[in-house]
Amino acid sequence: MSLLGIIWSMIAAACGMLGLTQAFLWWHNRKRIEFPISMLMAFSAMAIPLLEMNLVFSADAAHHDRLILWMNLAVATVLVSIVWSLRAILPTTRRWAAVLITALWIVGICVNFLLPGNLTFSEVLAVEPYMTPWGEQYFIAKGTINPWKWTADITVLLIPLYAIDGAWRARKTSSFRQSRAIVWGIVLFVLIAGTQAILLDTGHYQTPYTISLAFFFVILSFTWVLAKEAVRAGKLDEQIARTLRETERLMRINMMGEVAATLAHEINQPLSAILGNAQAAEKFLARQDPDLDEIREILADIVRDDKRARDIITNLRRMLKGDSSEDQKADLESVTREVLAFMERQLAQNAISAQLHAEKNLPRVCGGPVAIQQVLLNLILNAEHAIIEANATKRVIEVRVSKKKGGCEVQVSDSGPGIAEEIREKLFEPFVTTKKLSLGMGLTVCRRIIENQGGHLTIENQTKGGACFRAWLPACTL
Amino acid sequence: MFSGLATGVHAVTETVFIIDNDHSVRRSLSRLLRSEGIRNECFESAQAYEDRDLHNGVGCVLLDINMPGMSGIELQARLLERGHNLPVVFLTGHGDVSSSVTALKRGALDYLTKPVDEADLLRAVRHALKLHRRVLADARVRNAIRARIDALTPREREVMLQLITGMPNKLVADRLQIATKTAKVHRAHVMQKMGMRSVAELVHACHLAGIEPGAEFDR
């Protein structure tokens with residue numbers, strides 16, 4: 001088999017592989033524009049060695065003319081995509097230069113297809129045979145150079161300048177460290193392709209076309225840089241996820257601290273009553289003629305208060321119980337009721353009334369009751385805070401539970417001032433907050449919890465004023 | 001001393017006012033006081049107590065700090081504005097340190113942490129009642145002395161003011177530019193109308209009524 005044939009086939013295959021790699025990266029990161037451009041670059045570059053291979057083994061001038069026509073299109077696509085994907089990676093490159101190079105190639109391609117001949121030769125006159133050092137015969141076309149060929153030639157000079165300039169301007173930033181391999185790849189490409197072009201054009205030395213080999217280095221460098229970055233981004237994502245999980249745990253502990261403080265207070269009341277009653281009973285009994293009716297009444301009171309304390313502890317236990325695997329569905333209404341009952345005292349203390357409206361016959365939703373409680377508690381605390389902070393005259397928190405789109409939705413709306421439009425959508429991002437003393441993680445974690453259960457958490461401002469959070473959870477079919 | 005001045009102090013019943021939003025706690029506190037024979041009245045909110053007429057006998061207030069609506073601290077401040085002089089004993093849950101401090105700074109007599117032990121409660125309540133009894137008794141004595149001073153003629157009052165500085169009749173007479181004999185008559189009237197047997201007693205009575213030697217009469 002021919003050595004030239006082997007080399008070109010391998011380059012074509014390698015370019016195809018690199019194109020597939022880019023396609024894969026694009027699939028996983030659809031927001032990044034450099035991946036599709038680099039993919040286009042690699043697949044166009046794959047066409048070049050295949051065309052070159054056909055070219056060098058053909059002795060027919062008309063065939064040469066046709067192949068060079070298509071080769072020019074492939075080269076144009078590769079070069080223009082190199083320019084724009086480098087710009088996506090290295091933003092310090094000059095936009096006008098990228099536009100200029102693209103414009104030059106649009107002119108070139110128009111000339112290529114619309115005028116007679118192709119962009120390289122306006123007329124192919126002859127095809128001449130040559131021999132490689134190892135004795136393989138190949139053919140090279142000779143003809144009249146197209147007067148528009150300079151549009152293509154000048155870009156070969158402009159592209160490395162464009163790359164080096166961009167790299168120089170970014171020399172101290174991290175984007176340069178990331179992309180310097182590409183800059184070296186482009187410079188290497190110019191050295192190889194440029195030298196070869198000069199040798200061929202001046203007729204001092206004849207070689208088969210091997211532009212594809214030069215392109216290969218550039219595409220290799222692009223893939224190397226982009227893949228490295230994709231791996232880094234993946235690691236970063238994992239780190240963020242881990243941090244969020246940790247924050248969620250800390251918030252839970254923090255919230256439990258608040259829960260415990262409130263419960264300590266709640267339990268103190270029946271305890272005080274029991275102690276007072278028991279000590280009063282002792283005194284009554286110590287009298288000469290104890291009033292047994294009084295004693296009976298006291299004992300009844302003690303029993304009632306003891307039960308009250310027990311109920312508080314039962315509630316606490318239910319709230320503290322972690323999400324066990326068998327408990328992955330929840331009755332949204334009763335969960336909401338529990339949270340409101342828990343908050344009742346604190347809300348009343350701040351003169352805020354909480355209203356619950358719940359539809360009848362709601363389906364159970366996916367998700368652990370404790371996780372949902374945590375979200376609701378957070379939303380209600382936010383609503384309370386908004387009302388207190390604004391010192392609103394109307395002090396109402398409305399909670400609605402309703403059926404919606406194959407699941408249930410709970411709305412928490414407050415009579416506070418609402419949320420400024422410019423911050424509204426960003427509110428769920430980490431470290432975004434409207435409160436003075438807040439880390440800005442609460443809503444981030446809430447959205448994460450709801451989305452983990454397959455639901456979504458959104459916010460809007462009501463037309464009558466005040467913010468409204470909507471948490472939707474899918475119905476549990478199990 | 002001061003015969004007949006402090007009559008009627010025990011005539012009005014001593015009452016403890018219990019203010020707590022928790023029904024059970026109220027009932028048990030009330031029983032505990034009743035078992036010791038201490039009369040008490042219960043209120044379910046600060047507002048309910050504020051709406052009541054001011055108590056004019058001996059009493060004290062047992063006030064829960066943490067209540068929905070008006071808090072105990074708020075009520076205390078409002079009562080002070082209205083010139084309420086009943087001693088206030090606060091009831092707090094655990095950890096309400098900052099509000100307890102505020103309460104004490106504003107003149108609360110004491111604060112008890114729930115659950116309250118009977119002995120602590122009774123000690124605090126008895127102490128508060130005793131204090132208020134003394135405050136009221138002092139007020140009555142002061143009022144009685146003031147009433148007697150009001151019965152003096154302007155000249156007699158002038159003589160009394162000189163007397164309590166410890167001056168002999170002759171100097172009093174010189175100071176007021178009257179005859180020594182006249183001064184002696186005035187002095188006898190002052191001692192009789194004030195019901196005092198000696199100048200020392202008179203000085204003490206004036207002190208209780210807020211009149212110090214060397215003062216000028218403002219009325």
- Message: Taking the Cα centroid of the range A:1-57 and of the range B:53-84, what is the distance between the two, rounded to the nearest whole Å?
- Response: 87 Å
- Query: Where the Cα atoms of the range B:106-212 are projected onto their three principal axes, how long is each span, largest first, in whole Å?
  - Reply: 71, 21, 20
- In whole angstrom, how far apart do the alpha carbon centroids of the range A:132-154 and the range B:143-203 sit? 138 Å
- Most fluctuating residue of B:Ala188, B:Ala108, B:Ala205 in a GNM of chain B with Cα springs under 10 Å: which is it? B:Ala188
- About its Cα centre, what dipole magnitude does the range B:81-198 give when the only charges are +1 on Lys and Arg Cβ and -1 on Asp and Glu Cβ, stated in debye to the nearest 20? 820 debye
- Report the equivalent ellipsoid semi-axes for chain B in whole Å, largest first, defined as the square roots of five times the eigenvalues of the gyration tensor built from alpha carbon atoms. 48, 17, 14
- Relative contact order for chain A: what is it in percent, counting Cα pairs under 8 Å that are at least 6 residues apart? 10 percent
- For the protein assembly as shown, calculated [θ]222 nm from helices alone, where every DSSP H run of n ≥ 4 adds -39500 (n - 2.57): -21000 deg cm²/dmol
- Query: What residue among B:Met67, B:Cys42, B:Gly57 has its Cα farthest toward the positive end of the dipole of the range B:15-141, where the charges are +1 on Lys, Arg and -1 on Asp, Glu, each on the Cβ?
  - Reply: B:Gly57
- Item | lysines with Cα under 29 Å of A:Lys426, excluding same-chain neighbours fewer than 8 positions away | A:Lys31, A:Lys235, A:Lys394, A:Lys403, A:Lys404, A:Lys405, A:Lys435, A:Lys436, A:Lys464
- Message: How high is the relative contact order of the range B:151-208? Use alpha-carbon pairs under 8 Å, at least six apart in sequence, and give a whole percent.
- Response: 36 percent
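With a 1.4 Å probe and all protein chains in place, put A:Phe428, A:Phe24 in order of accessible area, largest first.
So the residues, ranked largest to smallest area, are A:Phe24, A:Phe428.
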- Message: Whole angstrom only: what separates the Cα centroid of the range A:397-433 from the Cα centroid of the range A:173-243?
- Response: 48 Å
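Ratio to report: Rg/Rh of the range B:15-141, with Cα atoms as the point set and Rh obtained by the Kirkwood method; give two decimals.
Over the Cα atoms of the range B:15-141, Rg/Rh equals 0.93.
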- Note on the structure: Between chains A and B, total accessible area buried, probe 1.4 Å, no ligands or nucleic acids, nearest 100 Å², roughly 2100 Å²
- Taking the Cα atoms of the protein assembly as shown alone, what are Rg (to one decimal) and Dmax (as a whole number) in Å? 47.8, 161
- Query: In degrees, nearest 10, range 0 to 90: what is the angle between the Cα axis of helix A:211-286 and the longest Cα principal axis of chain A?
  - Reply: 0 degrees
- About its Cα centre, the range A:329-474 carries a charge dipole, from +1 on Lys and Arg Cβ atoms and -1 on Asp and Glu Cβ atoms, whose size in debye to the nearest 20 is 220 debye
- Rounded to a whole number of µm²/s, how large is the Stokes-Einstein D of the range A:3-241 at 10 °C and 1.306 mPa s, given Rh as the Kirkwood radius over C-alpha pairs? 85 µm²/s
- Task: May I ask for the angle, rounded to the nearest 10°, between helix A:149-169 and the longest principal axis of chain A, with both axes built from Cα atoms and the value confined to 0 to 90°?
- Result: 40 degrees
- Note on the structure: Taking Cα atoms, the helix A:95-114 axis meets the longest principal axis of chain A at an angle in degrees (rounded to 10) of 50 degrees
- Query: What translational D, rounded to a whole number of µm²/s, comes out for the range A:57-135 from Stokes-Einstein when the hydrodynamic radius is the Kirkwood one over Cα pairs, at 10 °C and 1.306 mPa s?
  - Reply: 109 µm²/s
- Note on the structure: Out of B:Pro115, B:Thr102, B:Ala205 - ranked by how far each Cα lies towards the positive end of the dipole of chain B, with unit charges on the beta-carbon of charged residues - the top one is B:Ala205
- Note on the structure: Percent antiparallel among DSSP beta bridges confined to the protein assembly as shown, rounded to 5, stands at 60 percent
- Query: With springs only between Cα atoms under 10 Å, which of B:Val88, B:Val16, B:Val199 fluctuates most in a Gaussian network model of chain B?
  - Reply: B:Val199
- Query: Which of A:Ala152, A:Ser122, A:Gly166 sits farthest toward the positive end of the charge dipole of the range A:118-233, with +1 on the Cβ of Lys and Arg and -1 on the Cβ of Asp and Glu?
  - Reply: A:Gly166
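The values are calculated or read from the model by the stated rules, or taken from the named source; none is laboratory data. On a predicted model such as this, the values are computed, not experimentally measured, just so you know. For neighbour counting, all protein chains shown are included, and Cβ atoms are generated from backbone atoms with ideal geometry for every residue, glycine included. Accessible surface is based on the protein model in full, side chains and every heavy atom, while ligands, DNA and RNA are left aside. Shrake-Rupley method; radii C 1.70, N 1.55, O 1.52, S 1.80 Å.
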